[in-house]
Amino acid sequence: MRHLIDPLDFTKDETEELLALAEDIRSNPEKYHDKCRRKKIATLFYEPSTRTRLSFEAAMINLGGSVIGFSSANSSSAAKGESIADTIRVISKFADITAIRHPKEGAPMRASMFSEIPVINAGDGGHQHPTQTLADLSTIKRRKGSLENLTIGLCGDLKFGRTVHSLIKSISRWSGNSFVLISPDELRVPDYIINEVLKPKNIKFEETSSLEYALPKLDILYMTRVQRERFFNEEDYVRLKDSYILTKEKMQLAKDDMAVLHPLPRVNEIDTHVDSDKRAAYFEQVENGMYVREALILKLLNLA
Ligand code: CP
């Protein structure tokens, strides 16, 4: 039985197959509308979510299956002290597959060790978010036609932003990509990403605090929210939260075919006036997320 805990749990070839399957589902939804009949997904969300939880639920419904679950730790027996190991043993009796979001890094991995059903990491603390990465890769491929030879700028909270960590790990497997890491010093990407992912593969990267400096070079700009929920004190959050705001004026520095991605939710790091720019890809990224999650469910249930 397979799980998706880390973006590297699927090889590069398997990831490309998933993206291709997602495209086939998008083009031929009727071929798939009954594939998960009588199957259930359990969405166990110990942290808030709009896109990830609801897109997993929409994905399963589109495939003819059903949904059970909870949307906050307080409405589950975690509030009474139940461990994730016990919870997953119980859920394994009710559901065929589960997506888990948890504030603790490694919680979905721990659940997978006790699970009788495939476990999908729907975001664990500031660590990884592999299904957001599938949505990101799908969006980049649809916009740029390839996942290779791209200059990718990642901007904002690169320390706590789990989507950033997962995307760098995954897209580093395609050749010719380089990264511009744009953040305040206190929100730099964790050392393990540099020392265990980028440097061993001789991947070109540079770090800067200037979005204006980076913009003209980029094929992809991946904006992120400063992750208030991961800060130890409100004072630091308030000081750093407006470090980067992408505006129409700044977009004039960028290439005509650059794509702007954001995992969402945004606070104010992309001015809403940018939404009508043809380079803004963040709402189509949300839609792409649903199709890749349909593909993932089918793969993990051995139905495709
Ligand atoms: N991108 C993302 O994970 O969004 P949600 O927190 O709304 O699920």
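The values are calculated or read from the model by the stated rules, or taken from the named source; none is laboratory data. Here the structure is a predicted model, which means the values were calculated and not measured. We place every Cβ from the backbone using ideal geometry, glycine too, and count neighbours over all the protein chains shown. All accessible areas refer to the heavy atoms of the entire protein, side chains included, with ligands and DNA or RNA removed. Shrake-Rupley method; radii C 1.70, N 1.55, O 1.52, S 1.80 Å.
If we scan region 158-174, do we find a residue that is more than 17 Å from the chain's Cα centre (by Cα) and either surrounded by 21 or more Cβ atoms within 10 Å (Cβ to Cβ) or at pLDDT 95 or above (or both)? Working first, answer last.
Kept after step one, since they are more than 17 Å from the chain's Cα centre (by Cα), are these residues of region 158-174: 174.
Subsequent filtering for residues that are either surrounded by 21 or more Cβ atoms within 10 Å (Cβ to Cβ) or at pLDDT 95 or above (or both) retains 174.
Yes, region 158-174 contains a residue that is more than 17 Å from the chain's Cα centre (by Cα) and either surrounded by 21 or more Cβ atoms within 10 Å (Cβ to Cβ) or at pLDDT 95 or above (or both).
Could you grab me the full set of residues in region 259-285 that are in contact (Cβ under 8 Å) with a residue 60 or more places away in the chain and farther than 19 Å from P7 by Cβ?
Once the filter is applied, which keeps residues that are in contact (Cβ under 8 Å) with a residue 60 or more places away in the chain and farther than 19 Å from P7 by Cβ, region 259-285 yields A259, P265, E269, A281, E284.
Quick one: how many residues across region 233-270 are within 16 Å of the ligand (Cβ to nearest atom) and not in a loop (DSSP other than H, G, I, E, B)? Break it down into steps so the answer makes sense when it comes.
Let us first name the residues in region 233-270 that are within 16 Å of the ligand (Cβ to nearest atom), namely 260-267, 269-270.
Those still in the list that are not in a loop (DSSP other than H, G, I, E, B) too: 260-261, 270.
Result for region 233-270: 3.
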Exercise. Determine if region 33-48 includes at least one residue that is among the small types (G, A, S) and over 18 Å from I84 (Cβ atoms).
Key: no
Quiz prompt | Condition met for H127 (more than 27 Å from A20 (Cα to Cα), open to solvent by 20 Å² or more (accessible area, probe 1.4 Å) and touching a residue at least 12 places away in the same chain (Cβ under 8 Å)) | solution = no
Quiz item: How about region 271-304: which of its residues are in a helix (DSSP H, G or I) and among the polar types (S, T, N, Q)?
Solution: T272, S276, Q285, N288
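Mind listing whichever residues of region 165-193 are of a type in the set (V, I, T) and within 18 Å of K217 (Cβ to Cβ)? If you could, list the steps in order and put the result at the bottom.
Of region 165-193, the ones of a type in the set (V, I, T) are 168, 171, 180, 182, 189, 193.
Within region 165-193, I168, I171, V180, I182, V189 qualify.
Every residue, every condition in (1) modelled with pLDDT of 95 or more; (2) under 18 Å from L150 (Cβ atoms); (3) β-branched (V, I, T); (4) open to solvent by less than 30 Å² (accessible area, probe 1.4 Å), yes or no:
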{"residue": "I220", "(1), (2), (3), (4)": "yes, yes, yes, yes"}
{"residue": "Y237", "(1), (2), (3), (4)": "no, no, no, yes"}
{"residue": "K255", "(1), (2), (3), (4)": "yes, yes, no, no"}
{"residue": "I270", "(1), (2), (3), (4)": "yes, no, yes, yes"}
{"residue": "D275", "(1), (2), (3), (4)": "yes, no, no, no"}
{"residue": "Y282", "(1), (2), (3), (4)": "yes, yes, no, yes"}
{"residue": "G289", "(1), (2), (3), (4)": "yes, no, no, yes"}
{"residue": "R293", "(1), (2), (3), (4)": "yes, no, no, yes"}
Quiz item: Name the pairs whose Cβ atoms lie under 6 Å apart, with the first residue in region 53-76 and on the phi < 0 side of the Ramachandran plot, the second within 13 Å of the ligand (Cβ to nearest atom) and part of a helix (DSSP H, G or I), and 6 or more positions between them or separate chains?
Solution: S55/G289; S55/M290; S55/R293; F56/R293; A58/M290; A59/M290; A59/R293; V67/E57
Quiz item: What is the number of the single condition among (1) under 29 Å from D185 (Cβ atoms); (2) more than 14 Å from the ligand (Cβ to nearest atom); (3) in contact with a Gly (Cβ under 6 Å, 6 or more places away or on another chain) that R162 does not meet?
Solution: (2)
Self-check item: Residue tally, condition open to solvent by less than 10 Å² (accessible area, probe 1.4 Å) and over 18 Å from K299 (Cβ atoms), over region 44-66
Solution: 2
